[in-house]
Amino acid sequence: MRFDALLFDFDGVLVESEAAGNAELAAWLTGAGHPTTAEQSMARFMGLSGTDFLAAIERWIGRPIPEDFHAARAAEDERAMREGVGEVAGAVAFVRALPAELPRAIVSSSSTRWIRRHLDHIGLADAFGDHVYSGREHVARGKPAPDLYLYGAARLGVAIERTAIIEDSPVGATGAVASGGYVIGLCAGSHCGRDHADRLRAIGVDAIARDFAEVARAIA
């Protein structure tokens, strides 16, 4: 193993939430009078959270967030929480194959409630222990700032330079590259289009992986 620890993004890396989530967001914005495709939603909002996410929405629509936006988002989140979201192909087998002693953490823009619910759904509830970190709960600045990656590495007790980070979104990759870790741009999720790898390369990721077999080779 080339690295002393692994940091995983969550949505689009371990679970297939990005395609459905951005399609739903695009449909809501379109219905509210702001025509938006799922591809545009992913390009502009994927990987953001909290005030950064809301600010990006307001820039896109050119006005304050509509009053019913939050209720619609909460309803969709609760639906997904009830039904669960499936794994990205190969994610569970990859995590289960890691050496038991290898430190690993999740560093995600999502809430820890969301992360733990879907870890349970895909059968990885025990795989990360207490090392589940949220950009909206554990640091003042979420992605694309590097703070969450630095926080995760510090909590694992590993230098960021000895850490491999698995990211799928341009926003996340930007923060991961800035942190100084070794960044693997994962293009395994159903939301990743033909040009996704090129977008991640342009940000400066160290490697591209189109599936978890390629991730395993990158860290070996």
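The values are calculated or read from the model by the stated rules, or taken from the named source; none is laboratory data. Given the structure is predicted, the values throughout are model-derived calculations rather than measurements. All Cβ positions, glycine included, derive from the backbone under ideal geometry; neighbour counts span all protein chains shown.
State which residue pairs qualify: first residue farther than 18 Å from Val88 by Cα and inside segment 109-138, second residue in a helix (DSSP H, G or I) and of a type in the set (Gly, Ala, Ser) in any location, beta carbons under 9 Å apart, and separation of 6 or more residues or different chains.
These pairs meet every condition: His131/Gly152; Tyr133/Gly152; Gly135/Gly50; Gly135/Gly175; Arg136/Gly50; His138/Gly152.
Restricted to segment 126-166, and to residues that are surrounded by fewer than 24 Cβ atoms within 10 Å (Cβ to Cβ) and among the β-branched types (Val, Ile, Thr), which residue is nearest to Leu14 (Cα to Cα)?
Out of the qualifying residues, it is Val132.
Within the group Ile57, Ile61, which residue is farther than 19 Å from His191 by Cα and surrounded by 18 or more Cβ atoms within 10 Å (Cβ to Cβ)?
It is Ile57.
What about Ser169, is it under 15 Å from Met46 (Cα atoms), among the polar types (S, T, N, Q) and surrounded by fewer than 17 Cβ atoms within 10 Å (Cβ to Cβ)?
So Ser169 does not fit the description; no.
Of Ala209, Ala213, Ala178, Ala173, which residue is more than 15 Å from Leu7 (Cβ to Cβ), of a type in the set (A, V, I, L, M) and in the same structural domain as Arg162 (by TED's automatic domain parsing)? Step through it out loud before you land on a result.
On the way: Ala209 fails: more than 15 Å from Leu7 (Cβ to Cβ); Ala178 fails: more than 15 Å from Leu7 (Cβ to Cβ); Ala173 fails: more than 15 Å from Leu7 (Cβ to Cβ).
Step by step, each of Ala209, Ala213, Ala178, Ala173 is checked, and only Ala213 is more than 15 Å from Leu7 (Cβ to Cβ), of a type in the set (A, V, I, L, M) and in the same structural domain as Arg162 (by TED's automatic domain parsing).
For segment 65-74, check the following and say yes or no: at least one residue is at pLDDT below 90, out of contact with any helix residue (DSSP H, G or I) (no Cβ under 9 Å at 6 or more places or on another chain), in a helix (DSSP H, G or I) and outside the structural domain of Ala125 (by TED's automatic domain parsing).
So far as segment 65-74 goes, yes, one or more of its residues are at pLDDT below 90, out of contact with any helix residue (DSSP H, G or I) (no Cβ under 9 Å at 6 or more places or on another chain), in a helix (DSSP H, G or I) and outside the structural domain of Ala125 (by TED's automatic domain parsing).
How many residues does segment 135-162 contain that are closer than 25 Å to Ala220 by Cα and part of a helix (DSSP H, G or I)?
12
Restricting to segment 14-30, and then to whatever is at pLDDT 90 or above and either charged (D, E, K, R) or part of a helix (DSSP H, G or I) (or both), can you tell me which residue is surrounded by the most Cβ atoms within 10 Å (Cβ to Cβ)?
Ranking the qualifying residues of segment 14-30, first place goes to Leu25.
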